[in-house]
Amino acid sequence: MAASGTQGTGPHKVPARAYYPVLGTGLAANINADFMTLIVPLWAVTLGATPAQIGIMIGARSILPFLLAIHGGVLMDRLGTRRMMMVFTLVSTALVPLYPLSPWFPALVALQMMTGLLGNLAWIGAQTLIARIGRGDPHYLGMFSFASRVGSIGAPTVIGLIWDLTGHWGAFAACTLSGLVLFASTALVPHWAENQGLKPRPQSTPAAEAGPGWRDLLPRLSEYREVLALMALPPVALGIAIALLRHTPSTIQASFYITYLTEIGLQATVIGALISCAEVTGAFGSLLAAPLMRRFPAHWILVVFTVLTIAMMALTPLLGGIIALLGAAQILRGSAHGLLHPATFSVISRALDAEAQARGVALRTTGNRLGAVVLPVVMGFVAEAVGVATSFVIIGGGLLLMVAVIAVLVARGEAFTGR
């Protein structure tokens, strides 16, 4: 299709004027996140931080998203996704230059908490935009996932090169620039894109017509109850559970996978190449979601590929340190992981109306962040007790047992069997 036309293969066509900027938000959001993921630990090491301090700094990035992602999703549903994304992105970008100006551990932890929250909310917004304009179509969600993962393939190498050539000032400047690109991509999304083909939300009260007030920015317990109530919808509950379990191998990869491969003597270049295998195949795996979901029940796709992505990570210590086998496992894991993103996204999105899309994305993000906070701690204690290699098998077995329970519930659930 021409850029001035529409995109898509189904009955719902998305105007290209909205489609490409929204893809740009996904690409820019992942580039920005990967830039920060690499250079913050490097900056901490430069400052002489201890391993415990580095761990606290990395974990701090997930604390506020876990607590406030739901509130952020409610704000975007209530006040407008595009508008709130621009605010989140602009504030987050303004905070990045403070990193090299604040070589003090508590200040860095505070910055991590704030940029982690705002960055996650911007990512929630980007996913909400594609869910709304694509109306849950796995074709559009797959293309969005592919575009965002393209950013993850090259971003770590690019920012590492910038760090080596220009030092921390150049690297943080690049992060600031990537944040501005995300802001510009969001600004290019047309105002009407959020309600594309739908009636805008009614403004039925004088307070609503007057615009948002300061009370709208505060979290409310009722909002959390509303969002958590979405779990009563079986497709939403399944999607959230799968999203949490799908993310666990990535959490292991970012921590004990690297530790284990280092212990068995692999060089950093080889470890990086293995991780890149998962990123590359993940990008292409995301494109398989739409054709598979047209041929097979979506709920069984979620279950089967979750088993695959967990199993490929759990098998790591059983592969004998053989590069070819480790690479094959990462290729399979990355493909399954990439496919699951648009698949879970689509299942949740289709179960919700347009006004609840940001809430659905926020609920899924909350589940992801819960796994990112809890799993490293649990696996750390297990690794101390039985060794890193054995912890892969124990944790992997426990996760697969959870998937088995989900599979039994799906097989018996009327919402999935049609009984």
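The values are calculated or read from the model by the stated rules, or taken from the named source; none is laboratory data. Remember, predicted model here, so these are calculated numbers, not experimental data. Note: ideal-geometry Cβ built from the backbone for every residue, glycine included; neighbour counts use all protein chains shown. Protein only, heavy atoms only, side chains kept; ligands, DNA and RNA dropped before computing areas. Shrake-Rupley method; radii C 1.70, N 1.55, O 1.52, S 1.80 Å.
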Practice prompt. Would you mind checking which residues have amide H under 5 Å from Val14's amide H? H placed 1.01 Å from N; only 5 or more apart, or other chain.
Written response: Gln7
Worksheet item: Just one of (1) 16, 28, 24, 16, 10, 5, 2, 0; (2) 26, 60, 14, 0; (3) 23, 55, 20, 1, 0 is P(r) over Cα pairs in 20 Å bins from 0, in percent as worked out from the coordinates here. Which one is it?
Response: (2)
Worksheet entry | Of Ala29, Ala49, Ala243, the one that fluctuates the most in a GNM where the chain has Cα springs shorter than 10 Å | Ala49
Practice prompt. In whole Hz, with x marking every Gly and Pro, tabulate ³J(HN,Hα) for region 151-156 from phi via Karplus 6.51 cos²θ - 1.76 cosθ + 1.60, θ = phi - 60°.
Written response: x, 6, 5, x, 4, x
Item to complete: Using +1 at the Cβ of each Lys and Arg and -1 at the Cβ of each Asp and Glu in the chain, identify which of Leu42, Gly116, Gln53 lies farthest towards the dipole's positive end.
Response: Gly116
Worksheet item: Considering the alpha-carbon set of region 356-419 alone, what are its Rg and its Dmax in angstrom?
Response: 16.1, 47
Fill in: Anisotropy class of region 269-315 from Cα gyration tensor, a/c 1.5 cut
oblate
Discussion item. Can you work out the Karplus-derived ³J(HN,Hα) for every residue in region 170-176? Use 6.51 cos²θ - 1.76 cosθ + 1.60 with θ = phi - 60°, whole Hz, and x for glycine or proline.
Written reply: x, 5, 5, 5, 5, 4, 4
Item to complete: Would you work out what percent of the accessible area of region 58-161, with all protein chains in place, is carbon or sulfur (probe 1.4 Å)?
Response: 79
Practice prompt. Can you check what the net charge comes to around Tyr19, using other residues whose Cβ is under 15 Å from the Cβ of Tyr19 (Lys, Arg +1; Asp, Glu -1)?
Written response: +3
Discussion item. Give me a comma-separated list of calculated 3J(HN,Hα) values for region 390-399, in order, Karplus coefficients 6.51, -1.76, 1.60 applied at θ = phi - 60°, integers in Hz, x for any Gly or Pro.
Written reply: 5, 5, 4, 5, 5, 5, x, x, x, 5
Worksheet, complete the sentence: In Å, the C-alpha Rg and Dmax of region 281-374 are 15.1, 50
Worksheet entry | the chain: calculated mean residue ellipticity at 222 nm from DSSP helix runs of at least 4, using -39500 (n - 2.57) | -26500 deg cm²/dmol
Response to the item:
In Å², rounded to a whole number, the accessible area per residue of region 285-367 with probe 1.4 Å is 34
Discussion item. What's the magnitude of the charge dipole for the chain around its Cα centre, counting Lys and Arg as +1 and Asp and Glu as -1 at the beta-carbon? Answer in Debye, nearest 20.
Written reply: 960
Item to complete: Tell me, rounded to the nearest percent, the portion of alpha carbon pairs in region 326-372 spaced more than 15 Å apart.
Response: 56
Worksheet item: For region 289-393, which whole percent of the accessible surface, found with a 1.4 angstrom probe, sits on carbon and sulfur atoms?
Response: 72
